[in-house]
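> This is the structure I have questions about; it appears just below.
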Amino acid sequence: MNQILTLVNRLRHSDNLAVLTGAGVSAASGVPTFRGQNGLWKKYRPEELANPQAFRTHPEVVWEWYSWRRQLIRQVHPNAAHYALVELEKMVSTFTLMTQNVDNLHQLSGSINVIELHGNIMKNKCFSCNQPSTEDIHLGSGLPRCKLCDGLIRPDVVWFGESLPMEALKKAQLAAMECDVFLAVGTSAVVEPAASLPYLAKANGAYLVEINTEETPLSSKTDLFLAGAAEQILFELSEHIK
Ligand code: NAD
Ligand code: ZN
């Protein structure tokens, strides 16, 4: 049977679907993935900038990179992959979307039960006291500082080497354990602890599906691997299911 139809069948009998998304889901919207061809900014790899040590040593460079990414993300729109996930949410009785993306496109497209595992690039918090900051950022007038403790303000995203927000991670793990189908879409499946969620789901009996343009370390462990672009495969899937 056609692979998409196999998944359609599974989903028709599912009442608890969990989906993990990564940067590949937003690629068709024009947001570069970290590991794709457009991942570099100036001469830097994302890993060199998205970490606390980089912010300690050259916060102005890290801020410049985030300003550039924010500007880019403000101009993009959700794509067919995001909208197809909105349709899937309507279809199953329990649906959880856990995303490693920080671009807010799932919420913008209309998904409701979204867990942000790596934060949100449009939000800020204090690097010292961790309190959220709602002030507008104007980099022209120097680096932004916390009103409470004068620490440096930073983007509210999870950097390499940092822990995930505890609440979000717990919810995601629970959803992975309870779902009957787990779908990993557009993620390189190497960044922990999100990378463990598909294995947790499978260990608890879920049917594990992956959608990616390339094979990942997860692919050989799946029950079904659909090779291709998320925006095409998810669109086809939602058309069958409607
Ligand atoms: P990644 O960049 O490591 O991997 C992207 C994956 O998507 C790759 O496996 C690639 O083969 C696949 N892919 C590319 N285009 C695709 C498409 N059209 N359809 C399906 N798959 C496609 O991204 P990651 O696994 O999400 O992890 C990297 C980290 O980068 C995360 O922590 C995330 O917070 C951050 N990040 C977020 C964004 C965003 O918010 N849009 C963008 C870049 C990076
Ligand atoms: Zn502070």
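> Go through Leu197, Leu224, Leu218 for me and flag whichever is crowded, with 20+ Cβ neighbours inside 10 Å and over 16 Å from Glu116 (Cα atoms).
Sole residue among the options that is crowded, with 20+ Cβ neighbours inside 10 Å and over 16 Å from Glu116 (Cα atoms): Leu218.
> Which condition number does Val158 fail, the rest of (1) farther than 30 Å from Arg12 by Cβ; (2) open to solvent by 30 Å² or more (accessible area, probe 1.4 Å); (3) touching a residue at least 60 places away in the same chain (Cβ under 8 Å) being met?
Against the list (1) farther than 30 Å from Arg12 by Cβ; (2) open to solvent by 30 Å² or more (accessible area, probe 1.4 Å); (3) touching a residue at least 60 places away in the same chain (Cβ under 8 Å), Val158 comes up short only on (3).
> Please go through the range 141-151 and give me each residue that is open to solvent by 90 Å² or more (accessible area, probe 1.4 Å) and farther than 16 Å from Phe55 by Cα, ordered by number.
Ser141, Lys147, Leu148
> Would the range 5-17 turn up any residue that is open to solvent by less than 50 Å² (accessible area, probe 1.4 Å) and either closer than 30 Å to Leu152 by Cβ or outside the structural domain of Phe182 (by TED's automatic domain parsing) (or both)? Give the steps one after another, and end with the answer.
At the first step, the residues of the range 5-17 found to be open to solvent by less than 50 Å² (accessible area, probe 1.4 Å) are 6-8, 11, 14, 16-17.
If we keep only those that are either closer than 30 Å to Leu152 by Cβ or outside the structural domain of Phe182 (by TED's automatic domain parsing) (or both) too, we end up with none.
No, because not a single residue in the range 5-17 is open to solvent by less than 50 Å² (accessible area, probe 1.4 Å) and either closer than 30 Å to Leu152 by Cβ or outside the structural domain of Phe182 (by TED's automatic domain parsing) (or both).
> If the Cβ limit is 6 Å and pairs must be 6+ apart or interchain, which residue in the range 123-149 that is in contact (Cβ under 8 Å) with a residue 40 or more places away in the chain pairs with which residue that is near ligand 2 (Cβ under 8 Å from one of its atoms) and in a loop (DSSP other than H, G, I, E, B)?
Close Cβ pairs (under 6 Å, with a partner that is near ligand 2 (Cβ under 8 Å from one of its atoms) and in a loop (DSSP other than H, G, I, E, B)) amount to Phe127/Gly151.
> Just checking, how many residues over the range 206-238 are in a loop (DSSP other than H, G, I, E, B) and either within 12 Å of ligand 1 (Cβ to nearest atom) or free of Cβ contacts under 8 Å to residues at least 12 places away in the same chain (or both)? Can you show your working first?
Applying the first criterion (in a loop (DSSP other than H, G, I, E, B)) to the range 206-238 yields 206, 213-218, 222-223, 228-229.
When the remaining residues are screened for being either within 12 Å of ligand 1 (Cβ to nearest atom) or free of Cβ contacts under 8 Å to residues at least 12 places away in the same chain (or both), the result is 213-218, 228-229.
Adding up the residues that qualify gives 8.
> Within the range 108-128, identify whether any single residue is part of a helix (DSSP H, G or I) and within 28 Å of Ser238 (Cα to Cα), and answer yes or no. First the steps, then the outcome.
Step one: filter the range 108-128 for residues part of a helix (DSSP H, G or I), giving 108-109.
Remaining after also requiring within 28 Å of Ser238 (Cα to Cα): 108-109.
Yes: the range 108-128 contains one or more residues that are part of a helix (DSSP H, G or I) and within 28 Å of Ser238 (Cα to Cα).
> Restricting to the range 81-108, and then to whatever is over 17 Å from Val8 (Cα atoms) and over 11 Å from the mean Cα position of the chain (by Cα), can you tell me which residue is most open to solvent (accessible area, probe 1.4 Å)?
First, pick out the residues of the range 81-108 that are over 17 Å from Val8 (Cα atoms): 82, 96-108.
Then drop every residue that is not over 11 Å from the mean Cα position of the chain (by Cα), which leaves 82, 96, 107-108.
Working: His82: 0, Thr96: 14, Gln107: 65, Leu108: 111 Å².
Per the criteria, the residue is Leu108.
> For the range 38-79, please list each of the helices (runs of 4 or more DSSP H) lying entirely inside it that holds at least 1 residues being open to solvent by 80 Å² or more (accessible area, probe 1.4 Å) and hydroxyl-bearing (Ser, Thr, Tyr).
On the way: elements: 46-49, 52-57, 59-74.
The qualifying helices (runs of 4 or more DSSP H) are 52-57.
> Looking only at the range 148-171, which residues are under 22 Å from Val61 (Cα atoms), in a loop (DSSP other than H, G, I, E, B) and within 16 Å of ligand 2 (Cβ to nearest atom)? Working first, answer last.
Of the residues in the range 148-171, the ones under 22 Å from Val61 (Cα atoms) are 150-162.
Restricting the remaining residues to those that are in a loop (DSSP other than H, G, I, E, B) gives 150-151, 158-162.
Selection gives Asp150, Gly151.
> Scan the range 180-205 residue by residue and report those that are in a loop (DSSP other than H, G, I, E, B), in contact (Cβ under 8 Å) with a residue 40 or more places away in the chain and under 19 Å from the mean Cα position of the chain (by Cα). Show your work before the answer.
Start the filter on the range 180-205 by keeping residues that are in a loop (DSSP other than H, G, I, E, B), which leaves 180, 186-193, 204-205.
This time we only want the ones that are in contact (Cβ under 8 Å) with a residue 40 or more places away in the chain, so: 180, 186-189, 191.
Passing the criteria: Gly186, Thr187, Ser188, Ala189, Val191.
The values are calculated or read from the model by the stated rules, or taken from the named source; none is laboratory data. Just so it is clear, the model here is predicted, and its values are computed rather than measured. Please note: Cβ atoms are built from the backbone with ideal geometry, for glycine as well, and neighbour counts cover all protein chains shown. The protein model used for the area step is the full one, side chains on, heavy atoms only, and it has no ligands, DNA or RNA in it. Shrake-Rupley method; radii C 1.70, N 1.55, O 1.52, S 1.80 Å.
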